[in-house]
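Colleague: Can you read through this structure? Questions will come right after.
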Amino acid sequence: MTAGAGQAQVSGTRAAPGVRTAGRSGARRARSGRAGSGRVGSGRVGFGGMHRSARRTLTGWAFAGPATAIVVGLSIFPAAWAFFISRTRWDGIGEPRALGWRNYSRMAQDTDLLAAARHTLLLTAVFVPAVVVLGMLVATALNQRIRFIGFYRTCIFIPYVASAAATGILASYVFNPQFGAANEVLRRLGLPAQGFLESPHQALFVIVVIALWGEVGFTAVIYLAALQDVPKELTEAAVVDGAGPWRVFWHVTFPQLRPVTVFVAVWETIIAIQLFDLVYTTTRGGPLNTTQTVVYYIYELAFQTHRLGYGAAVAYALFAVTLVLTAVVIWYSRRNNRSEAF
C-alpha cells in the first residue's frame, strides 16, 4: 500500500503540471475568443455608426436639397449667365456675338443711363433720410403705453405687407391730376390743383411719398424692437439727473439706436436703388423720362429694345455700385465704433 500510495502520489504530482498547462491554454483560448468577439463587435459598431452618419447626411440633404437647387437654379445660375451675355450683343433670339468689355466701356457715353443714374441718386438722397427719420418718430410714438396700441402698430405695418404693385396702382388713382383724391382735397381747401404724377417737376417726389407710405412701417417695427431693448435704468437715471425728454432721447436713447440706424440706412438704400415696381405701375418712367430709374432703364433695354447684352452689363454695374456703397457705409461705421449691426 505504501508503494501504491507513493505511485499515486508521484502520478498525481506529475499530472498537476499538465492540468495547469491545459488550464492556461484554455484561458488563453477564452481570452482570445473574447478579444475576437470584441473585435467583431467593434467592427459591427463601427459599421453601424457609419451607416447612421450616412443616413443623417442623406436626411439632411433631403431637406436642404430642394431649397439649394432652387437657389442655384434661380439665383446663381442666372447671375452667371447674365455675366456671360453682358459681354455679348444678343437680342434673345439670334446667336450672341462676343464684344468683350465694350458693353461696359460704352456706359460712360450713354446719356440716357447717366440721366437715369441722376434720377436714382436724387430719389435715394430724398427717400433714405426721410424713411429713417419717420420710422424713428413713428416707433417712438408707438413705444408709449396708450390704449389700442396693438391696433395702431398693425395699421402702421399693413402698408408694408401690401403688394408694391397694388400700392402703385392705387396711388396712380389718388394722384391723378383730373379726378384724383389728392387734387379734390386741394380744391376743397381752396388750393390750386397740382400735376403730381404728370408733372416733370413733381413726379419723382410723388413716387418718393408713395415709397415712404409703404416702407415707414418696416423701419418703425425695426426701431420699435430696438427701443424696447434700451435699458430702462439709463433713461430713469437721466430723468433723475434732470434731463428733459429731448435730452433723454438724444443723449441716451439715440446712441443705443445707432447700430439699427446703420442697418436701416443700408437696407433702404438698396431698396431705393433697386426701385422698379412703383415706377412701372405709376409713370412708366415719364413724364419726359424724369422718373426713369436705373432699374427701369435696364428693363427697357432688355425687354423693350431687346438689347439683352447691354442691359445685363448695366445690371452688373448697378450691382457693383450697390456693393461698394454698402461696404463703404459698413466700413465707416465700424471704423468709428458706432455700429455692431454687421
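Colleague: Which far-off residues, 5 or more places away or on another chain, put their amide H under 5 Å from the one on Thr88, with H placed in the peptide plane?
Modeller: Amide H neighbours of Thr88: Leu99.
Colleague: If neighbour count is taken as other Cβ atoms inside 10 Å, put Phe127, Phe77 in order from fewest to most.
Modeller: Starting with the residue having the fewest Cβ neighbours, the order is Phe77, Phe127.
Colleague: If you don't mind, there's one more thing I want to ask. R0 = 30 Å: FRET efficiency of Ala243 with Tyr332, Cβ-based, nearest 0.05?
Modeller: Efficiency for this residue pair is about 0.55.
Colleague: Which value in nm describes the separation of the simple spin-label points at His251 and Arg106, placed 7 Å from the Cα toward the beta carbon?
Modeller: 6.1
Colleague: Right, here's the next one. With θ set to phi - 60° and the Karplus curve 6.51 cos²θ - 1.76 cosθ + 1.60, what are the ³J(HN,Hα) couplings of the range 310-316 in order, to the nearest whole Hz, using x for Gly and Pro?
Modeller: Working through the residues one at a time gives 5, x, 5, 5, 5, 5, 5 Hz.
Colleague: Sticking with this structure for a sec: How big is the Cα convex hull of the range 107-335 in projection, averaged over all directions, in nm²?
Modeller: Spelled out: convex hull of the Cα atoms, projected over all directions, averaged, 16.1 nm².
Colleague: For the range 97-171, what's the radius of gyration and Dmax over Cα atoms, in angstrom?
Modeller: In Å, with Rg to one decimal and Dmax whole: 20.7, 66.
A short reminder: the numbers here are calculations on the coordinates, not readings from a lab. No experiment lies behind these values; they were computed from the predicted model shown. Because the Cβ atoms are built from the backbone with ideal geometry, glycine has one as well, and the counts that use them run over all protein chains shown.
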